[in-house]
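Data first, discussion second: the structure below is written as structure tokens.
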Amino acid sequence: MTITMKRTQPRSAARRAAPWLAGAWALAFGALSGLALLGRIPAPWVPTDASPLSGLSGAQMSGAVGVAALLALAAGAVGVATQDRRTRRRTGRLLIVVGLVVALVVSDVRALMFLGYLPQILLALVGTGPGAGQLGWDIVLDAGAGLAHAVGGLATVVAGIGLLERAEPSGRLDWGRWARWGRPAVAVAAVVPLLYAVTRIAWAVGVPLGIRREMLDELGEGRWAGLGLALFAVVGSALTCGLIARWGEVFWRWVPRVGGREVPVAMALMPGLLVAGAVTSAGLSFWRMIVGGDLASVPGATEDWAAWAPETLWPLWGVALAVACLAYLGRRTSADPREISAKSAKSIR
């Protein structure tokens, strides 16, 4: 026996909010970059040595961000105003390209730093944890700006996809072709962060895995910050498995209020894509240092491989996670509703 049941549609609140978030990012950083170029304020975003754009000055970066913001605003306005499908496709593709550049290149390792250290930042605010009494607000705000670029870039990409959908006669894109890549992509995206986590957990318990004992001693209390990042990676790995698991589609029955209901697609998709962009950008930053001969700036340099080697796999992690998210989207939105059995339908009631 089968029961027909309507599948979750991709038109979510997050999708509707994406153009507004993209516009907010473009207006805010476009205005700040313009004021910086006029000499009224300091550059709002200065590339670090680890940034893929580290060769740019603060003024040059302001110019680049300003151009990206103007392109996003112009393409978004044209795409919404026009009824021509070809124009919508072109502006949609332009928004996707601009968003990817912002999320992966403009936003560097600082976006992932903010996400990874957020639990420790919150603990430090109440006076506990390894960061208590050592919280530098300038560093927090700088990393927060990196996250703002990551969010703004992702929102711009989603807004571009929305224009591509509006250019289709059916009003939607077919994501089903990605579904076949779900399991291999999840396998890669779940394993890579664990390779990083193993080293940091070992350091926290006093085992100098991949580094010299001297470096472990020099880390001191910093080992606990690394443990926090490791636990963040472990949780992320577990959540990634949900992209192919039943509990990634239906809330567990014991969860208050929502138990047994379908998981909104955007609840899994948007955080997954945000993390995918952040880890890819961070991984590109490490590769820029390696290619540019600046690896010596990383603590431990080449003598302590575990201090930097796991990070070189982060672009692979990010790409695999993005593919896993698209496969999840394809499976959730393209499946035939008649495939849901009476048993599955009962669990959702």
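Computed quantities for the displayed model
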quantity: So Ala72, is it crowded, with 22+ Cβ neighbours inside 10 Å and either in contact with a helix residue (DSSP H, G or I) (Cβ under 9 Å, 6 or more places away or on another chain) or assigned by TED's automatic domain parsing to the domain that holds His149 (or both); calculated: yes
quantity: Qualifying residue in segment 13-29 (condition: over 23 Å from the mean Cα position of the chain (by Cα) and at pLDDT 95 or above); calculated: no
quantity: Close pairs from segment 69-92: first touching a residue at least 40 places away in the same chain (Cβ under 8 Å), partner small (Gly, Ala, Ser) and surrounded by fewer than 16 Cβ atoms within 10 Å (Cβ to Cβ), Cβ under 9 Å, at least 6 apart; calculated: Ala69/Ala28; Ala69/Ala31; Thr91/Ala74; Thr91/Ala77
quantity: Boolean, Arg261 is within 20 Å of Val198 (Cβ to Cβ), surrounded by fewer than 18 Cβ atoms within 10 Å (Cβ to Cβ), modelled with pLDDT of 90 or more and over 25 Å from the mean Cα position of the chain (by Cα); calculated: no
quantity: From Arg213, Arg223, residue being modelled with pLDDT under 95, surrounded by fewer than 16 Cβ atoms within 10 Å (Cβ to Cβ) and farther than 23 Å from Pro315 by Cβ; calculated: Arg213
quantity: From Val65, Val46, residue being at negative phi, part of a loop (DSSP other than H, G, I, E, B) and touching a residue at least 12 places away in the same chain (Cβ under 8 Å); calculated: Val46
quantity: From Val67, Val105, Val80, Val101, residue being surrounded by fewer than 14 Cβ atoms within 10 Å (Cβ to Cβ) and either under 24 Å from the mean Cα position of the chain (by Cα) or more than 30 Å from Leu229 (Cα to Cα) (or both); calculated: Val67
quantity: Filter pass, Trp203 being touching a Leu at 6+ places or on another chain (Cβ under 7 Å), among the hydrophobic types (A, V, I, L, M, F, W, C) and farther than 27 Å from Ala179 by Cβ; calculated: yes
quantity: In segment 287-299, residue modelled with the highest pLDDT [restricted to those that are out of contact with any Leu (no Cβ under 9 Å at 6 or more places or on another chain) and either in a loop (DSSP other than H, G, I, E, B) or farther than 20 Å from Trp317 by Cβ (or both)]; calculated: Gly292
quantity: Positions within segment 137-160 being surrounded by fewer than 19 Cβ atoms within 10 Å (Cβ to Cβ) and β-branched (Val, Ile, Thr), in sequence order; calculated: Ile139, Val140
quantity: Segments classed as helices (runs of 4 or more DSSP H), wholly inside segment 175-286, with at least 1 members that are among the hydroxyl-bearing types (Ser, Thr, Tyr) and touching a residue at least 60 places away in the same chain (Cβ under 8 Å); calculated: 182-204, 222-241
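The values are calculated or read from the model by the stated rules, or taken from the named source; none is laboratory data. Just so we're clear, the structure is a prediction, and the values are computed from it rather than from any experiment. Quick reminder, even Gly has a Cβ in these numbers, built from the backbone with ideal geometry, and neighbours come from all protein chains shown.
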